[in-house]
Amino acid sequence: MDKHLLTCVLTQFRANFLTYFPELSDQDLRLILLGPSETLLTVLQAHYGYTLAEAKAAWNDFVLREVDGQPLDLSASDATGPPACQAGRPRSSLRPWLLAPPVRYYQ
């Protein structure tokens, strides 16, 4: 998982993330932002009892529902933390960054 994109998403969509995962606190979010990118999955597993596959699926669902299709400012910085996103990265869909291919619910 790309740490740069993870930081951008969690910084810019913080409120959406905490609403989508209501059992997580600001402290959990700080832990995710400061740790390696795999910390996200570990925190989701700890708070929700997910398996690794379920944690990846929950993250993918969040990205597809709340983030994908929204403009992602990769040059923004967050006043509460280090400069999260630096210029030079493309502004595009996050689908290539999903942890697994999206699940097709309908055939």
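For the stretch 22-27, take each phi angle, set θ = phi - 60°, evaluate the Karplus expression 6.51 cos²θ - 1.76 cosθ + 1.60, and give the result in whole Hz per residue in order, putting x for glycine and proline.
So the Karplus estimates, Gly and Pro as x, are x, 7, 8, 10, 4, 5 Hz.
First check a/c for the stretch 14-58, with a ≥ b ≥ c the square roots of the eigenvalues of its C-alpha gyration tensor; if it is under 1.5, answer rounded, and if not, answer prolate when a/b is larger than b/c or oblate otherwise.
oblate
Applying a 10 Å radius around every beta-carbon, put 40-49, 2-11, 17-26 in order of their mean neighbour count, most first.
For the peptides 40-49, 2-11, 17-26, the packing ranking is 2-11, 40-49, 17-26.
Label-point separation (nm) for S25 and H47, each offset 7 Å from Cα along Cα-to-Cβ?
So the label points at S25 and H47 sit 1.1 nm apart.
Just to make sure I understand: if all protein chains stay in place, what is the order of R30, R14 by accessible area at 1.4 Å, largest first?
Output order, biggest surface exposure first: R30, R14.
The values are calculated or read from the model by the stated rules, or taken from the named source; none is laboratory data. Because the structure is a prediction, the values reported are computed rather than measured. In this analysis, Cβ positions are derived from the backbone assuming ideal geometry, glycine residues included, and neighbour counts consider all displayed protein chains. Please note that ligands, DNA and RNA were not included when accessible areas were found on the heavy atoms of the full protein model with its side chains. Shrake-Rupley method; radii C 1.70, N 1.55, O 1.52, S 1.80 Å.
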